Amino acid sequence: EKAVDLLRSNSALKAEKKSSRVAADGILVSTLTDDYATILEINTETDFAAKDSSFLSFAEKVQTYITENKVSDISSLEDSILEEERKTLIQTIGENIQLRRIETISFTSEMKKGLYMHFDSKLAAIVITKDGSDEVARNIAMHVSAFNPLCLSEDDIDKDVLEREKAIFVNQAKESGKPQEIMDKMVEGKVKRFLSEVSLLSQDFVKDPEITVLEYLNQNGAIALDFVRLKVGEGIEVETKDFAEEVAEQLK
């Protein structure tokens with residue numbers, strides 16, 4: 001009992017020491033309740049740790065928690081019972097473990113909802129629709145997972161993102177040396193193509209590339225209302241080293 005107490009008292013210190021280490025692997029856990037759906041990313045440093053039985057047991061506890069408690073802010077979990085569990089797990093596994101991101105969508109009873117989780121638990125999406133069916137919503141969630149749209153429709157694109165892309169297209173057009181009128185048409189065409197590629201409703205449907213997502217929804221009498229998508233490690237910069245570099249670093 002004294003040994004357990006000592007380990008528990010040291011777990012916070014160990015967690016603090018390992019918190020600066022890059023944790024870009026891990027899994028996603030999810031839940032679909034009567035009025036909300038949630039996806040949460042749990043990070044580890046290696047895929048090996050993400051398959052550890054202690055880690056998977058912790059992931060089950062996280063999943064149970066988000067099923068019993070509606071959570072929209074990841075920082076709120078720092079005051080939950082999961083925080084001590086996380087620190088203890090770091091002590092057990094010896095890797096940095098982080099509850100990194102969470103996405104929660106609320107819906108009413110008449111809305112249709114679809115949750116898609118890839119087989120490796122590293123990619124997931126939630127889609128909410130008006131009318132249609134839960135199956136239609138799940139098919140769109142599968143599409144969102146695969147194609148990673150930036151917005152629902154072309155009108156919903158973030159203005160900063162659009163302006164940044166447009167600036168790139170303008171520079172590319174200038175390099176062509178063509179007349180201004182031709183360059184303007186080149187930029188207009190590239191912007192139009194970009195919008196169609198990143199807008200969910202304009203994308204070719206993953207299960208039938210002959211139609212767009214909007215056409216699939218129309219065929220099934222559904223209207224897409226909202227979506228979210230998470231992929232493990234997305235946005236984390238990982239420093240790559242070859243084996244010789246790692247050995248040399250250890251020898252130092």
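The values are calculated or read from the model by the stated rules, or taken from the named source; none is laboratory data. These figures come from a predicted structure and were not determined experimentally. Neighbour counts run over all protein chains shown; Cβ positions are idealised from the backbone, glycine included. Note: areas computed on protein heavy atoms with side chains; ligands, DNA, RNA excluded. Shrake-Rupley method; radii C 1.70, N 1.55, O 1.52, S 1.80 Å.
With a sphere of radius 10 Å drawn around the Cβ of GLU215, what net charge do the other residues whose Cβ falls strictly inside it have (Lys, Arg +1; Asp, Glu -1)? Taking every Cβ under 10 Å from that of GLU215, the sum is -3.
For the residues LEU40, LEU217, LEU115, a GNM of the chain with alpha-carbon springs under 10 Å puts the largest fluctuation on LEU217.
Surface listing: ILE236, ILE140, ILE223 arranged by accessible area from highest to lowest gives ILE223, ILE236, ILE140, probe 1.4 Å. What shape does the stretch 131-183 have by the C-alpha gyration tensor, where a ≥ b ≥ c are the square roots of the eigenvalues, rounded means a/c under 1.5, and otherwise prolate means a/b greater than b/c and oblate the rest? Verdict is prolate for the stretch 131-183.
Each label was represented as a point 7 Å from its Cα along the Cα-to-Cβ direction; for SER80 and PHE48 these points are 3.0 nm apart. Axis angle, to the nearest 10 degrees, between helix 82-93 and the longest C-alpha principal axis of the chain: 70 degrees. Remark: the stretch 107-252 carries a charge dipole of roughly 140 debye about the Cα centre, counting +1 on each Lys and Arg Cβ and -1 on each Asp and Glu Cβ. Please compute the modelled spin-label separation between ALA3 and ILE236, points set 7 Å along Cα→Cβ, answer in nm with one decimal. Roughly 3.1 nm, to one decimal.
With only Lys, Arg, Asp and Glu charged, each at its Cβ (+1 for the first two, -1 for the last two), find how big the charge dipole of the chain is about the Cα centre; round to the nearest 20 debye.
With Lys and Arg at +1 and Asp and Glu at -1, about 320 debye.
Take the alpha carbon gyration tensor of the stretch 154-252, find the square roots of its eigenvalues, order them as a ≥ b ≥ c, and report rounded if a/c is under 1.5; if not, report prolate when a/b exceeds b/c, else oblate.
Working: a/c = 2.94, a/b = 1.32, b/c = 2.22.
Verdict is oblate for the stretch 154-252.
Remark: the chain carries 59 Å² of accessible area per residue (probe radius 1.4 Å; ligands, DNA and RNA excluded). GNM on the chain, alpha-carbon springs under 10 angstrom: the most fluctuating residue among SER153, SER57, SER145 is SER57.
Of the residues GLU215, GLU45, ranked by 1.4 Å probe accessible area with the largest first, the sequence reads GLU215, GLU45.
Ignoring ligands, DNA and RNA, what percent of the accessible area of the chain is carbon or sulfur (1.4 Å)?
49 percent
The C-alpha atoms of the chain define a longest principal axis, and helix 134-147 lies at about 90 degrees to it.
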